[in-house]
Every structure is written in structure tokens, then in C-alpha cells.
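Worksheet: one structure, shown below.
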Amino acid sequence: MSAIAEAPVRHRLEPSMVIRNCLTLAWRNLAHLKANPAEILGFAIIQPLMVIVLLVYVFGGAISGDSHTYLQYALPGLIAQSAVFSVLSSGAGLNQDINNGVFDRLRSLPIARFAPLMGHLIGDMVRFASGLVMLLTCGALQGFEMRTGLIKTLAALWLAAVFGMGLAWVSMLVGLLAKSATTVHLFSSVLLFPLTFGSNVYVKTDTMPGWLAAWANVNPISHEATAMRALMSGGPLGNSVYWTLGWAAGLTLVFAPLAIRAYRRRI
């Protein structure tokens, strides 16, 4: 008598249960911070203070004449830069969880198959948004003025979050394809420097060589920094918001399907 192997039965989950699975795993992702107070201290307080002190107070006088004027120019761009730093580390965390077998254990549970991936993304976005608020708070305590009011300032943070979510799909795709977290960190560093330093985050593009100014003017981080600067401090807005939203939509449309496909192959 031949043994007949029973195929695993998959039950379709209700949408409400899928959402609950994603939020539960997002909370699991955030719970790591509760177990590691040093990471909270470094992420929420020390890092924002170091960014402001090292960049604004070291270079501010040389670039703008005084640190207060430079803080008003640079802080929106520094928030955009911090967003890039945060989301590009998302892929390393995802890769580490996969290599440690966390996703294999989650796969044995009766949950939505893509809930671990979405839970990871949601958890990282909450942590990322908290970091932006802390950086803005630290800047305000140093004298940054939100000249356009609270609503437009919140709109600027929302814009940074939307762009960050689009960029996070790139990082997660790399995290799913790479064999180690070290490879993900290396890729993030290679991507990070031309995006942030080759932009108008720190200085205006007028003083750059022609080839670098050409890159900086089409750099999505320049569009994001310009939009946030206009929304928080006033000044010309131009089409920067549309460019930023367009980049976010393009990154999501291209890299989200690729990341989900890579996730299905690997998990």
C-alpha cells in the first residue's frame, strides 16, 4: 500500500485578521526597542543631537555666517537625510531576521503569509517617524523656527514618511536578495553617499561644479529637501512636492512587486 501524502491545507484569512497579523508583527518589531533601552537612547536622543551639533555648529558659521541661519536652512534637509539613513537600515534588519530563522518560525503559524514582511515594514516606519519627530524637536530646542505653522510642518513630515516608505522597498529587496546583513550595509552605504551628499541638503547647488549641480538638481533627495524647506520655513516650493511624490510612487511601483516576489521565493 502506498502512502498518500496529504497536501497542506491553506485557509483564506479574513481581511481583518490579515491586518491584525501585520499589526501584531509590527509590534513585535518595535518590542525589540523596549528590550534594548540603549538603542532607544541612541536612536531617539543622541543621534539627533549629534547630527545637529556636528553639522550645524561645526559648519554653520563657515557656510552661512552663523549657526542659527544655517540651522534654519539645513534642518529640513537633515530630516530628509535622517529618513534615508533610517529606511536604508530596514533591509539589514530584515536580512538578519531571515538568517536567524525568525521568518521560518513565523511561517509555521496560521497567519497571513506576507504578514511578517508587512509587519517589518510597519514597525520600521513607526520607528522612522518617531526619529523624524525627535530630530525636529531637537532642532526646535536649538532655535529652529517653524515659520509656516504646525499644519505645513506636519505635511513636511508626512512627505518625508511617504518618500521613506518608497525607498524602504528598495532596502527590503536588497535585504531579501543578499546573503548577509554585511552585504546589505555595504549596498546601503554605496547608495547613501551620492544620494545625501550629492544634493542640496547641506549647501545650495549654485556653488557646485556643473556636473555635480546637474546631478544634485535631479536627485530625489534634493526635491524632498526643497519641499520640506518650503513647507517648514517658507520660500519657493515649485514642483518639489510633486517630484517627491512621483519618486515615492515610482519606487513603490517598481520595487514593491520585486520585493514581494523575492520574499515568496525565499520564504
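The values are calculated or read from the model by the stated rules, or taken from the named source; none is laboratory data. None of the values given here were measured: they were computed from a predicted structure. Cβ sites come from the backbone with ideal geometry, for glycine too, and all protein chains shown count toward neighbours. Surface accessibility is based on the protein's heavy atoms, side chains included, excluding ligands, DNA and RNA. Shrake-Rupley method; radii C 1.70, N 1.55, O 1.52, S 1.80 Å.
A few notes on this one:
- Each residue in segment 190-223 was checked for being of a type in the set (S, T, N, Q) and either more than 17 Å from SER82 (Cβ to Cβ) or open to solvent by 70 Å² or more (accessible area, probe 1.4 Å) (or both), and 3 of them qualify.
- Residues that are assigned to a helix (DSSP H, G or I), among the charged types (D, E, K, R) and within 24 Å of the chain's Cα centre (by Cα), drawn from segment 203-228: GLU224
- The condition of being within 16 Å of ALA26 (Cα to Cα) and in contact with a Pro (Cβ under 7 Å, 6 or more places away or on another chain) holds for only one of LEU117, LEU106, LEU94, that being LEU106.
- The number of residues in segment 224-259 that are under 30 Å from ARG105 (Cβ atoms) and surrounded by fewer than 17 Cβ atoms within 10 Å (Cβ to Cβ) comes to 2.
- Of all residues in segment 54-77, one or more are modelled with pLDDT under 80, assigned to a helix (DSSP H, G or I) and open to solvent by 50 Å² or more (accessible area, probe 1.4 Å).
- On the stretch given as segment 131-164, residues that are of a type in the set (A, V, I, L, M, F, W, C), open to solvent by less than 30 Å² (accessible area, probe 1.4 Å), closer than 13 Å to LEU78 by Cα and in contact (Cβ under 8 Å) with a residue 60 or more places away in the chain total 7.
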